Amino acid sequence: MTKHEARANFTNMADSTQDDWRILGTEFVKFTQGLPDRVLAHLKLLDGDCGGFPVDRLTHSLQTATLAHNDGRDEEYVVCALLHDIGDTLGSYNHPDIAAAILKPFVSEENHWMVEKHGIFQGYYFFHHVGMNRDMREAFRDHPHFARTEEFCARFDGPAFDAKAEHRPLAFFEPMVRGVFAQPKKSIYTAVAAR
């Protein structure tokens, strides 16, 4: 907390006032401006963490985003490719859900669904090696975003474990992350963020 930061006066939210929420709204807007920095800092936690994979998780994320960028995908798609595994550090058992939750206010429904379901779709390539059903994704066969998610895993996520492959540095993607996180598209707090 900064020395001159205004603070609300309630001890129970039920007792809060409109004046309190003016203060909180102002502070909320300031705080959300730092979201891209926090996302990038959290992504950097994947650096050096291989978990047995041929490359560390940050390299995998950068390779995935590089492949998507080189294929001409738009900025939002590339950012989704970059952040698809950002949940690995806190959501070891549900990392796609974490990434999807972070991205949800800022991306299209099709990109959100792709990130949220990529773990199941990626399982097609390895679930049978660990005693799971590799065809788990078939439960979504009739979903309108099935082909998009299948393609994401086959063309960008799956091939991004090559220790010899070149990829763009995180700094290359930073302006894209800032652009995507600049303004939410859908959130119950959109009106507050627009102030």
CD proxy at 222 nm, helix term only [per DSSP H run n ≥ 4: -39500 (n - 2.57); per residue of the chain; nearest 500]: -14000 deg cm²/dmol
Here the range 70-86 yields Karplus 3J(HN,Hα) values (6.51, -1.76, 1.60; θ = phi - 60°; whole Hz; Gly and Pro given as x) of 5, 8, x, 5, 6, 4, 4, 5, 4, 5, 4, 5, 5, 9, 4, 10, 4
Connecting every pair of Cα atoms under 10 Å apart in the chain and solving the GNM, the largest mean-square fluctuation among THR17, THR32, THR59 falls on THR17
Using θ = phi - 60° and Karplus 6.51 cos²θ - 1.76 cosθ + 1.60, couplings along the range 87-100 (whole Hz; Gly, Pro as x): x, 4, 6, 10, x, 4, 9, 8, 4, x, 5, 5, 4, 5
How many angstrom lie between the C-alpha centres of the range 119-195 and the range 3-54? 25
With every protein chain left in place, what is the accessible area of LYS104 in Å² (1.4 Å probe, nearest 10)? 100
Quick one: how many Å² of TYR124 are accessible to a 1.4 Å probe, rounded to 10? 60
Roughly how big is the range 43-195's charge dipole about its Cα centre, with Cβ charges of +1 (Lys, Arg) and -1 (Asp, Glu), in debye to the nearest 20? 340
Is the range 52-117 rounded, prolate or oblate when judged by the Cα gyration tensor, a ≥ b ≥ c being the square roots of its eigenvalues, rounded requiring a/c under 1.5 and prolate requiring a/b larger than b/c? oblate
Looking at the chain, which longest stretch skips every one of the GluC sites (Glu not before Pro) that is in a DSSP loop with at most 14 other Cβ atoms within 10 Å, leaving the sites themselves out? 6-165
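The values are calculated or read from the model by the stated rules, or taken from the named source; none is laboratory data. Everything numeric in this text was worked out from a predicted model, so none of it was measured. Ideal geometry is used to build each Cβ from the backbone, glycine not excepted, and the neighbour counts take in all protein chains shown. Surface accessibility is based on the protein's heavy atoms, side chains included, excluding ligands, DNA and RNA. Shrake-Rupley method; radii C 1.70, N 1.55, O 1.52, S 1.80 Å.
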